[in-house]
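> Pasting a structure here, questions to come.
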There are 6 protein chains.
Amino acid sequence: MEEKKLEEKIGKIPVIFKELKETDPDLYGKVMGLDQVIWADGALSRQTKKVIAIAIAAALRDGHAVRAQMAGAANLGVSKEEIEEGLRVAFLLAGMPAYVHGKTALEEYLGNRPKK
Amino acid sequence: MEEKKLEEKIGKIPVIFKELKETDPDLYGKVMGLDQVIWADGALSRQTKKVIAIAIAAALRDGHAVRAQMAGAANLGVSKEEIEEGLRVAFLLAGMPAYVHGKTALEEYLGNRPKK
Amino acid sequence: MEEKKLEEKIGKIPVIFKELKETDPDLYGKVMGLDQVIWADGALSRQTKKVIAIAIAAALRDGHAVRAQMAGAANLGVSKEEIEEGLRVAFLLAGMPAYVHGKTALEEYLGNRPKK
Amino acid sequence: MEEKKLEEKIGKIPVIFKELKETDPDLYGKVMGLDQVIWADGALSRQTKKVIAIAIAAALRDGHAVRAQMAGAANLGVSKEEIEEGLRVAFLLAGMPAYVHGKTALEEYLGNRPKK
Amino acid sequence: MEEKKLEEKIGKIPVIFKELKETDPDLYGKVMGLDQVIWADGALSRQTKKVIAIAIAAALRDGHAVRAQMAGAANLGVSKEEIEEGLRVAFLLAGMPAYVHGKTALEEYLGNRPKK
Amino acid sequence: MEEKKLEEKIGKIPVIFKELKETDPDLYGKVMGLDQVIWADGALSRQTKKVIAIAIAAALRDGHAVRAQMAGAANLGVSKEEIEEGLRVAFLLAGMPAYVHGKTALEEYLGNRPKK
C-alpha cells in the first residue's frame, strides 16, 4: 500500500528501490518514510517537485537520474512545456550540456524520439 | 528599462551582471535577451523558476549562487515554505550538504539568522 | 537520548541539524532514523565511515561539508594519518584541489593551523 | 613487475592506463609512481582505500569510474557488505542517485545482475 | 548562413541544437547569438577555445559533452597532442577519471579506437 | 631549484604545496614530477594551460582553486582578455555561476576589485 502512495507522488518507482525492499527492509522503510514526506503535495505541488527533480538531475548531468525522474512525469500530469522551462533554468545555472541531458530524455519520454 | 523588466522576473539583479553592461555591452545584451525569455512567466511561473534555481544552486553546492538567487526570492513573493520544500528535493537528489547550503542561506535571507 | 547515540557515531552533530528538531520534528525524526542506521558500526567501522565522508566532501569540493565532517573526527578517534590517506584517494579520483580542500580543514581541526 | 605490484593494491589495472605505457612512458611512469604510494597499505588498508574510491566515484556520479574501481574489488577481498555501507555514506553526502550509480555496479560485479 | 558561420567556429553543430531551430526559433536565435560571440577568434583562437571546452567537459565527467565537443575538433584543425595536453590539466584539476573520459573520446575521434 | 622551475610554469606555487615538502617529501617529489611534465610548454603553451586551469576551476565552482590558479596568471603574462574569453566558454559549458566565480577572481587579481 505504501508503494501505491509513493507512486501517486512521483509517478513511477525505480526498480532498484523496489529490490531494496527484499534485500534491506530496514533501510527501505526509512528511505520510504522520507520519500513520502518530501514528495507529497505541500506549498509546492507534486508536479512542481517533479520538475525540480528533473532540473537538478540535468544540472548534475546525471543521465540515469534524469531518466528515472522523467519516467514518472507523464503519470503525474506534468506537461512537456513545464519540464522544458525547468531545463532552461538548468541551462542558465549549469550550462548547455545540462540542458541537453534533460532535453534528450524529455524527447524520449514525452516526445518523439525512440527510447535509448 | 530592460533592467526593470528583468528585476520583475528574478527579484534582484546581481551586481556583477550590472557591471558587465559597462565592460561588455554586446555580451551583456545577448545574455540579457536570454534571461528575459527564460525567467518570464510561462508554463511555470517566475516564482516556481526561482525555486528551481535555488534548488539547483544548492544541489551544485554553490554558496554564492544560492545567495544570489535567494536575494531576489522575497521580492518575487516566494514563500519560505516553498523554498524549504524545493531544498528537500535537493537533499534527496544531491545529499544532505546540498540541503544545508540552501537552508543556511534561506535562514539568512527569509529567516532569523544574521547575514554572513 | 537519540542525539547522544548519533554523536557517538559521527563525533559531533551539526547545529543546523539540531535546529531542525524545533522547526520540523517529523522530517528530523526521519533523517535521524536514517543517520542512526547508516553511521553505525557494521562491516565498516564508524571511523572508516567518517573517513569516507570526509573524502567524499573533499571530492565534491564542499568546504562546509568537509569541516562539518572533520569536526567530529577527533571525537571518534580517527587519526590524522587515516584522513590524510583518504584525501590522497580523493586527489586521484577528483584532482588536487579536492585534496587541498580536505588538507586545509585537516590542518585546522587535527593539526596546527588556526581555524578559519 | 610494477604492474603486478599495482594490481595487488587495486585489484585490476584499467586498460587505458596500460595503453599509456606505450604512448607516453614518461607520464605513465610518474602516474604509476604516485599510484604505488597512494594505494598501498598504510594507516588505511588497500581494501578500505578501494571502498573510499568506489564511494567517491559514486558521489561524483561517474559510472565509468565506479565500474573501473568495482572491477578490482573482488580481487582485493573487499566484501559486498563493505561496499554497500560505503555507498550509503555516499547517499547521505551526495544523494540517492549517487547510491544508485554504485549499487547498480555493485550488483553487476559482486552480485547477480548481468554486466552491462 | 548563420549555421555555416557557427560551424566554422566550433567544427560541428550538435543535432539537438539544429532541432531547436524548428521547435523554438526565439530561444534558438538568442543562444545562436551568444555562441557566435563566445566561440569566435579573439584573444584566444577558436582552436584554443575548443581545447578549453573539451577539458571542461572532461573535468565535469560529461561523456556526451566531451563527444559533442570532440566531434568538431578535427574540422577546426586542433591536433591530438593539443587536446591530450589539455586533458592532462583536467587530470590535475579534476582527477584521473576526468582524464579517462576525455582520453577515451580522443582515441575514438582522433585516434584508432572504434566509435561507441 | 625544482620550485623555481615549477614557478616559471605556473606563476605561483600554492603555500600548501610547499608545506607538503616538509611533511611528506616522497609524495611531494612525485607530485612535483607530474606537475613539471604537465605544466611545461608543449603543443600548448604554459599560458594556454593556465587559462584552461582557470576555466576548469570556474566550471567546478571551486573558488579556492580559481584563486590559486589566478594568483599565478599575471606572472606568466596571461592577459585579462584571454582569461575572460576562457571564462565565457565556462559559462556555456557550466552555467552563469561558473562564469561569475571566475570573473570575481579575475577582477580581484588582474582588475580593480579589492582582494577578499
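The values are calculated or read from the model by the stated rules, or taken from the named source; none is laboratory data. On a predicted model such as this, the values are computed, not experimentally measured, just so you know. All Cβ positions, glycine included, derive from the backbone under ideal geometry; neighbour counts span all protein chains shown. Note: accessible area is taken over every heavy atom of the protein model, side chains too, but ligands, DNA and RNA are not part of it. Shrake-Rupley method; radii C 1.70, N 1.55, O 1.52, S 1.80 Å.
> Is there a residue being farther than 29 Å from residue A:89 by Cβ and touching a residue at least 60 places away in the same chain (Cβ under 8 Å) anywhere in segment E:88-105? Even if it seems obvious, please write down each step before you answer.
Initial filter on segment E:88-105 (farther than 29 Å from residue A:89 by Cβ): E:88-89, E:91-92, E:96, E:99-100, E:103-104.
Applying the additional criterion that residues be touching a residue at least 60 places away in the same chain (Cβ under 8 Å) yields none.
No - not one qualifying residue is present in segment E:88-105.
> Let me ask something else. Residue F:81: out of contact with any helix residue (DSSP H, G or I) (no Cβ under 8 Å at 6 or more places or on another chain) and not assigned by TED's automatic domain parsing to the domain that holds residue F:16, yes or no?
When the stated conditions are applied, residue F:81 passes them.
> Can you tell me how many residues within segment A:50-71 are away from chain D (no Cβ under 14 Å) and out of contact with any Ser or Thr (no Cβ under 9 Å at 6 or more places or on another chain)?
The initial filter retains those residues of segment A:50-71 that are away from chain D (no Cβ under 14 Å), namely A:50-51.
Remaining after also requiring out of contact with any Ser or Thr (no Cβ under 9 Å at 6 or more places or on another chain): A:50.
Count: 1.
> I'd like the full set of residues that are open to solvent by 20 Å² or more (accessible area, probe 1.4 Å) and among the hydrophobic types (A, V, I, L, M, F, W, C), limited to segment B:18-57.
Answer for segment B:18-57, where residues must be open to solvent by 20 Å² or more (accessible area, probe 1.4 Å) and among the hydrophobic types (A, V, I, L, M, F, W, C): B:37, B:40, B:43.
> Related question: Checking the condition in contact (Cβ under 8 Å) with a residue 24 or more places away in the chain and out of contact with any strand residue (DSSP E or B) (no Cβ under 8 Å at 6 or more places or on another chain), which residue from C:29, C:11, C:33 passes?
Details: C:29 fails: in contact (Cβ under 8 Å) with a residue 24 or more places away in the chain; C:33 fails: in contact (Cβ under 8 Å) with a residue 24 or more places away in the chain.
Every option except C:11 fails the conditions.
> Could you please find all residues in segment A:58-79 being surrounded by fewer than 24 Cβ atoms within 10 Å (Cβ to Cβ) and among the basic types (Lys, Arg)? Before you say what the answer is, go through the steps one by one.
Within segment A:58-79, the first condition is being surrounded by fewer than 24 Cβ atoms within 10 Å (Cβ to Cβ), and the residues that meet it are A:63-64, A:67, A:71-72, A:74-77, A:79.
Residue satisfying the conditions is A:67 alone.
> Given the structure, is residue C:16 touching a Ser or Thr at 6+ places or on another chain (Cβ under 8 Å) and within 14 Å of chain B (Cβ to nearest Cβ)?
On the way: touching a Ser or Thr at 6+ places or on another chain (Cβ under 8 Å): yes; within 14 Å of chain B (Cβ to nearest Cβ): yes.
Spelling it out, residue C:16 is indeed touching a Ser or Thr at 6+ places or on another chain (Cβ under 8 Å) and within 14 Å of chain B (Cβ to nearest Cβ).
> Out of all the residues in segment B:63-116, which are among the hydrophobic types (A, V, I, L, M, F, W, C) and within 18 Å of residue D:98 (Cα to Cα)? Don't jump to the end; show me each part of the working.
Kept after step one, since they are among the hydrophobic types (A, V, I, L, M, F, W, C), are these residues of segment B:63-116: B:65-66, B:68, B:70-71, B:73-74, B:76, B:78, B:83, B:87, B:89-94, B:96, B:98, B:100, B:105-106, B:110.
Correct list: B:87, B:89, B:90, B:91, B:92, B:93, B:94, B:96, B:98, B:100.
> What do you reckon, is residue B:102 at positive phi and open to solvent by less than 10 Å² (accessible area, probe 1.4 Å)? Walk me through it before giving the result.
On the way: at positive phi: no; open to solvent by less than 10 Å² (accessible area, probe 1.4 Å): yes.
The answer is no for residue B:102.
> Same structure again: Basic (Lys, Arg), in contact (Cβ under 8 Å) with a residue 24 or more places away in the chain and in a helix (DSSP H, G or I): is that true of residue F:67 in this structure? Quick ask: steps written out before the conclusion?
Values: basic (Lys, Arg): yes; in contact (Cβ under 8 Å) with a residue 24 or more places away in the chain: yes; in a helix (DSSP H, G or I): yes.
Spelling it out, residue F:67 is indeed basic (Lys, Arg), in contact (Cβ under 8 Å) with a residue 24 or more places away in the chain and in a helix (DSSP H, G or I).
> Filter segment E:29-49 for residues that are of a type in the set (Asp, Glu) and within 14 Å of chain A (Cβ to nearest Cβ) and give the result.
The first filter runs over segment E:29-49 and keeps only residues of a type in the set (Asp, Glu), leaving E:35, E:41.
Within segment E:29-49, E:35 is the sole residue that qualifies.
> Residues E:30, E:18, E:5: which one is modelled with pLDDT under 90, more than 15 Å from the chain's Cα centre (by Cα) and on the phi < 0 side of the Ramachandran plot? Steps first, please.
On the way: E:30 fails: modelled with pLDDT under 90; E:5 fails: modelled with pLDDT under 90.
Just one listed residue meets the conditions, E:18.
> Quick check on my filter: what residues within segment A:79-113 are away from chain E (no Cβ under 14 Å), farther than 16 Å from residue B:55 by Cβ and either of a type outside the set (S, T, N, Q) or assigned to a helix (DSSP H, G or I) (or both)?
Residue satisfying the conditions is A:109 alone.
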